[in-house]
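Beneath this line is the structure, given in structure tokens, with notes to follow.
The values are calculated or read from the model by the stated rules, or taken from the named source; none is laboratory data. Given the structure is predicted, the values throughout are model-derived calculations rather than measurements. For neighbour counting, all protein chains shown are included, and Cβ atoms are generated from backbone atoms with ideal geometry for every residue, glycine included. The protein model used for the area step is the full one, side chains on, heavy atoms only, and it has no ligands, DNA or RNA in it. Shrake-Rupley method; radii C 1.70, N 1.55, O 1.52, S 1.80 Å.
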Amino acid sequence: MRERVVLDLSDVTSHASGSASPTWWGTLAFMLIEGTGFALAIVIYLYLMSLAPKWPIATPVPSLTAGTLMTIVLVASLAPNMLVTGWAKKQDLPKVRFGLVVMSLLGIVPLIIRVFEFPAVHVSWDRNAYGSIVWLMLGLHTTHILTDLIETLVLTCLMFTRHADNARRYGDVADNAMYWNFVVATWLPIYACIYWVPRL
Amino acid sequence: MADGAPRKDLRDTALDSAELDRHLTSIWHTRGGLWAAVSTVDHKIIGRRYIITAFVFLFMGGVLSLLMRLQLSQPEARFIGPDRYNQIFTMHGTNMMFLFAVPVMEAMAVYLVPLMVGTRNIAFPRLNAFSYWMFLAGGILLWVAFAIDTGPDVGWFAYVPLAGPQYGTGKRADIWAQMITFTEISALCVAVELVVTIFKQRAPGMSLDRIPLFVWSMLVTSFLVILAMPAIMIASSSLILDRLVGTHFFNPAEGGDVLLWQHLFWFFGHPEVYIIFLPAVGMASTIVATFTGRPVFGYLAMVMALISTGVLAFGLWVHHMFVAGLPRLGESFFTASSMAIAVPAGLQIFCWLATLWMGRPVFKTPLLFVVGFIITFVVGGMTGVMVASVPFDTQVHDTYFVVAHFHYVLIGGAVFPLLGAIYYWFPKITGRMMSETLGRWVFALIFAGFHLTFFPMHILGLAGMPRRVYTYQPELPWSGLNMMVSLSALVLASGFLLFAIDIFRSARNGPAAGSNPWGAATLEWATASPPRCYNFRRMPVVYSGEPLWTEDELQVASGLRVDRRELLVTAVVAATPQARESSVPHSIWPLWAAVATSIVLIWSIFTPWAVVWGSIPVAVALTGWFWPKGAPEEES
Amino acid sequence: MGLFAVCLSGCNGTQSALDVHGASAIHLKHLMLLVIWVCALVWLTVMVVLAYALLRKRRVAAEVNAGADNRATVIVSAAVGATALIIAGLTVASFYTTRLIDGDGDAAMTIAVKGEQWWWRVTYMRDGTPDFETANEIHIPVGRTVLLQLESADVVHSFWVPSLAGKQDLVPGRTNTLALRAETPGVYRGQCAEFCGIQHSHMAMSVIADDAVSFERWLADQSAESLKPAEPEATAGQAVFLGKPCAACHRVRGTPSAGTTGPDLTHVGSRDTIGAGLMERTRGSLAAWIADPQTIKPGNNMPMVPLTSDELRAVSAYMESLK
Ligand code: HEA
Ligand code: HEA
Ligand code: CUA
Ligand SMILES: [Cu+2]
């Protein structure tokens, strides 16, 4: 077929950022997948609860301390996370570096708290279905913290190399921050479910 | 930009066609050799591989079905023992659903969608490569297990407790569950790529109402994948946990529940069948439009039908559990919702009929398959409506009536349009036409063989024959029909064999096709057959839903760089240009990532520690994947 | 080969959703025929339109024209409307049939049926407590509604006697119920309908609808303890049965045997078939079964118990005598 040029794109920017970028949409799609997974885990929890004569099965309700501390830390981590997003948008390298170091640390703290959360539910995964689903939810969320932490660590290293000062990298930092918001956001319903639903 | 100011990058603006081809080829080209072959990220090469692999699985699954038909041809036959038979029907169903039907539809989309929306590569090309390797690994896992007599034997929906730790001893059920993980990872990756390709990489001017119907169908399908597959991932992971570390999700003695599995499986399993069917609908629409020479009647209605089928698909799962003993009122709700799906399905059929009526049908092989599809799928849809009725289903559930229903909709509703689509797009993919004469024979054999094979199954089911039996007693009045079914399956198989022959012959000696042999309207026909590695020399711009019918020259945009892989990112709704985005070059890392992931998944069948130790190489591979290598594509 | 021949003669009786003799099955058949006819007509209509659309003669320049499109819009909308009406009608019909079936009145008696890999444990209840146990054959009084309480001992099974009623799953951890009412006396074959493992194919059962008199006689016979063996061979067989592992799995009421993993054999000699509908019960088939259950029904849960040929002959005579 013959071609006829009808549009000149020379002046169009060479990198789409924010919601114009395919990566942003990809991240969103993966969040949708994982969000569905979390939602299903909660549905399973409620389903098993509806079948059990007594809930939690043969064990006291979970102790609140560790889980609540977790919630506080995660919610608090949103503030520096927002700052990092802003710095990445402004392509402010020193601040982004600093922010990433902070976020790496803030990724490690929840993992430490999580170690205390598992005993706080007073049941092991192989005792009964209640234990199984609670451990599944905690486990699922832990893997998300862990993967985001590793991603943050890799990005932090990357931002200290010569590859750092690049719009694409700042985009990655922003997307990573968006993913952390997601990790925090999914925790809230899980927290409510694990710690408060049995107290209703 | 014509002022000739010094610029470090090279644009396509000033280049003539030959020079442009040379530059584009040098950056998009996949070199020869094994290393280049396994590190390519060209969606066409991966798509072709994907399609071929899926068809190989179709033939392997088909051979299994012939074995089943051999055993069932006579009462109390002793060709295949019960243990092997159970592995065979499980393999057949699992293979057909997870290794053939879903992947083949995604594969067609991997090849076609970027061409149809007018872009140069799929979004996230490396993820695409990774997804193919995961699919291949999952398929190999399943078939190797079968070869060493460890094939799953619990049916393609692996009901617990039969598949649970107590009754499903050995590793058979684990293989099944882990194969699910492989294929779901790969399906999810493709779904994400397609959604983003369709949202962000459409040609300028391809607003929502100009998207080809096949692309629409893949968009809806991808959302179904994204929302349905997590359910089976959670289900199969819980099953593995029950089996490996002693959790009690499905153990009623410890507060678990057997029906929880069924709910989770079918919450995925029902949308799964539309994941297979909707792409086929898109193929049918494409073929109908081309061979009637007019756009499909009721574009908006067709799109709404796709979307509403997709939405309804999540509200039907209980119709697979009508005899499990759920409350009657709830079941009646699912009768109503299941039947309601006849409305969008009917709407689509009526729109095709109207198109055929008002257009001028040209009876080439692709259209024959679509006509066969309409005839057959409507039968399957009708039996679907029958089994959607709770009381009706209590008689035919788990009988050959249901086997008949789902082969009518799977083969009649999805494989027929798929075969039509192969005849239709083969010239684009290979540059050669398939044989019209053989095509008619293939159609006749498959169509006749199909109905002779599967129609009698309705009667067998009503006459009381349950499914998944390795044999039946001679005094039951089923042997005559079973023999007929088995013989007819040979006719059907010969049709498939002829199809394979046609493919091989035509790929080598078929007449050259030219860029648009059918006079079709969509963008994939605007480029060479087979398309060059960069798809389009210049990014197409469209002003209608049928660009090749409404304009006699291809409208294009210029201004992209040709010294790195570049394509165009456009706005989600209006498809106005937003950026000249780079597209990643070849990489070996997706293969390493797939190898590392496969090791974790297979190892974790045996010990939970695999997840801990195995994730280290996965993390290394993913870091290698994303770490910048200084390519021009990584500049901003 | 001889064994094979024995296998070939097994059960009798109907097993078809179209040859109906039970109250629910009759309602179901009416519904099914209605739905099938409606759907067949819809299919035919679509096919006629399809054929005409493909083959009709066309005027030369049939460009896309607005008039035709508008007419098509009206027709397609009407067809969609008709679809909605038809499925609404079918939904109502199926809801109505469900009501008819569920409303079949109070049950004359309750029988507990437990699905086991790969046979059916049948327990007759009297005033809510177990009366006696039998296997694979369920006698019911004709014309009376009988409530089956369905449970599973291991995996999911499904109870299906199509000539009498639709199927109902037996789900571990749950109790389902199914009401049966046979309208004519006869033997109705059924078969497990949910895949349950290696011998799912050979997990049949039959429901035998007796008239009131023979049913009462049967009930009285069955609830009695086993007959004392009369002939010497059978007496010897009883000793074998009690001395060998048989008694660890089977129970014959009236003897010390108390096994519960296998079917209750108190009146096995009165059953029509053995091995869950696999073979007609004859002395020969009993001997064949006991001699080598794993060849006849590969994978089933009864092991081969090594017996001398005398022991085998004696124990099968004993089984045969348990009328
Ligand atoms: C491509 C796959 C596909 C498709 C498209 C469908 C389509 C439908 N299916 Fe099917 N189904 C399967 C694949 C599919 N199915 C599989 C694999 C199983 C078995 C799984 C297993 O057990 O192994 C199954 C099982 C299955 C069951 C469970 C049966 C059982 O196990 O007992 C039910 C029950 O409701 C059902 C219903 C339907 C309905 C109502 C539709 C509807 O979408 C059909 C709608 C279409 C039409 C109705 C025809 C066109 C409409 C018109 C021409 C308009 C006029 C129509 C009317 C007036 C009625 N299907
Ligand atoms: C898209 C999916 C799909 C497809 C295409 C098919 C295709 C076929 N199926 Fe399939 N079937 C299922 C999906 C599918 N099936 C599912 C999901 C189940 C349920 C499983 C379960 O219960 O768990 C099932 C179950 C099932 C059963 C019931 C088994 C049982 O319950 O015991 C039967 C029985 O006849 C059957 C038969 C066939 C036949 C004859 C074909 C034919 O169409 C096949 C056509 C033949 C070929 C494609 C072979 C061509 C090959 C050659 C000619 C040889 C050439 C050789 C080389 C080149 C090496 N199928
Ligand atoms: Cu019990 Cu099948
Ligand atoms: Cu369904």
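Quick look at the numbers
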quantity	calculated
Matching residues, the range C:189-201, being in contact (Cβ under 8 Å) with a residue 60 or more places away in the chain and either within 17 Å of B:Gly155 (Cα to Cα) or open to solvent by 10 Å² or more (accessible area, probe 1.4 Å) (or both)	C:Cys192, C:Cys196, C:Gly197, C:Ile198, C:Gln199, C:His200
Among the candidates B:Ala520, B:Ala579, residue that is of a type in the set (A, V, I, L, M, F, W, C) and either under 30 Å from B:Met433 (Cβ atoms) or out of contact with any Leu (no Cβ under 8 Å at 6 or more places or on another chain) (or both)	B:Ala520
Residue tally, condition assigned to a loop (DSSP other than H, G, I, E, B), open to solvent by less than 20 Å² (accessible area, probe 1.4 Å) and under 20 Å from B:Pro608 (Cβ atoms), over the range B:157-179	4
Candidate set from the range B:347-361 (those that are more than 7 Å from every other protein chain (Cβ to nearest Cβ) and part of a helix (DSSP H, G or I)); member that is farthest from B:Ala280 (Cα to Cα)	B:Thr355
Subset of the range B:333-343 that is more than 8 Å from chain C (Cβ to nearest Cβ) and near ligand 1 (Cβ under 8 Å from one of its atoms) - its residue that is farthest from C:Arg58 (Cα to Cα)	B:Phe334
Of all residues making up the range C:43-70, the number that are more than 7 Å from chain B (Cβ to nearest Cβ) and at pLDDT 90 or above	6
Residue pairs meeting the criteria (Cβ under 8 Å; at least 6 apart or on separate chains; first under 11 Å from B:Thr623 (Cα atoms), in the range A:146-165; second open to solvent by 70 Å² or more (accessible area, probe 1.4 Å) and part of a helix (DSSP H, G or I))	A:Val154/B:Phe626
Near pairs, Cβ below 6 angstrom, 6+ apart or cross-chain, from the range B:560-574 (open to solvent by less than 10 Å² (accessible area, probe 1.4 Å)) to any residue that is in a loop (DSSP other than H, G, I, E, B) and among the small types (Gly, Ala, Ser)	B:Arg565/B:Ser583; B:Leu567/B:Ser583; B:Val569/A:Ala16
Residue in the range A:18-38 that is acidic (Asp, Glu), within 8 Å of another protein chain (Cβ to nearest Cβ) and open to solvent by 60 Å² or more (accessible area, probe 1.4 Å) present	no
Where B:His248 falls short, out of the listed (1) more than 14 Å from chain C (Cβ to nearest Cβ); (2) buried (at least 24 other Cβ atoms within 10 Å of the Cβ); (3) free of Cβ contacts under 8 Å to residues at least 12 places away in the same chain	(1)
Filtered residue count, the range C:142-165, keeping only those that are in a loop (DSSP other than H, G, I, E, B) and within 16 Å of ligand 3 (Cβ to nearest atom)	7
Scope the range B:136-171; condition more than 16 Å from ligand 2 (Cβ to nearest atom) and closer than 30 Å to B:Ser583 by Cβ; matching residues	B:Leu136, B:Ala137, B:Gly138, B:Ile140
Candidates B:Ile226, B:Ile240 - the one that is touching a Leu at 6+ places or on another chain (Cβ under 6 Å), on the phi < 0 side of the Ramachandran plot and more than 16 Å from ligand 4 (Cβ to nearest atom)	B:Ile226
Output for the range C:147-200, where each listed residue is at positive phi and within 16 Å of ligand 2 (Cβ to nearest atom)	C:Gly197
The range A:115-153: number of residues that are within 8 Å of another protein chain (Cβ to nearest Cβ) and surrounded by fewer than 18 Cβ atoms within 10 Å (Cβ to Cβ)	2
Test: residue in the range B:98-117 that is buried (at least 22 other Cβ atoms within 10 Å of the Cβ) and closer than 30 Å to C:Gly115 by Cβ	yes
Criterion (touching a strand residue (DSSP E or B) at 6+ places or on another chain (Cβ under 8 Å), among the β-branched types (Val, Ile, Thr), on the phi < 0 side of the Ramachandran plot and open to solvent by 10 Å² or more (accessible area, probe 1.4 Å)) met by exactly one of C:Thr295, C:Thr273, C:Thr261, C:Thr255	C:Thr273
Residue ID - surrounded by the fewest Cβ atoms within 10 Å (Cβ to Cβ), chosen from residues in the range B:61-79 that are within 16 Å of ligand 1 (Cβ to nearest atom) and aliphatic (A, V, I, L, M)	B:Met68
Test: residue in the range B:14-27 that is closer than 21 Å to B:Thr527 by Cβ, free of Cβ contacts under 8 Å to residues at least 24 places away in the same chain and assigned to a loop (DSSP other than H, G, I, E, B)	yes
Only listed residue being exposed (fewer than 14 other Cβ atoms within 10 Å of the Cβ), of a type outside the set (Lys, Arg) and not assigned by TED's automatic domain parsing to the domain that holds C:Pro303, chosen from C:Tyr124, C:Tyr96	C:Tyr96
Test: residue in the range B:413-420 that is within 16 Å of ligand 4 (Cβ to nearest atom) and either surrounded by 22 or more Cβ atoms within 10 Å (Cβ to Cβ) or farther than 30 Å from C:Ala165 by Cβ (or both)	yes
Of the criteria (1) surrounded by 22 or more Cβ atoms within 10 Å (Cβ to Cβ); (2) more than 14 Å from chain C (Cβ to nearest Cβ); (3) out of contact with any Ser or Thr (no Cβ under 6 Å at 6 or more places or on another chain), which one B:Thr453 fails	(3)
Filter result for B:Phe135 (more than 16 Å from ligand 4 (Cβ to nearest atom), open to solvent by 10 Å² or more (accessible area, probe 1.4 Å) and at pLDDT 95 or above)	no
Cβ pairs under 8 Å, 6+ apart, first in the range B:32-56 and at negative phi, second of a type in the set (Asp, Glu)	B:Tyr50/B:Glu106
Filtered residues of the range C:29-61 (kept if aliphatic (A, V, I, L, M) and not in a helix (DSSP H, G or I))	C:Val60, C:Ala61
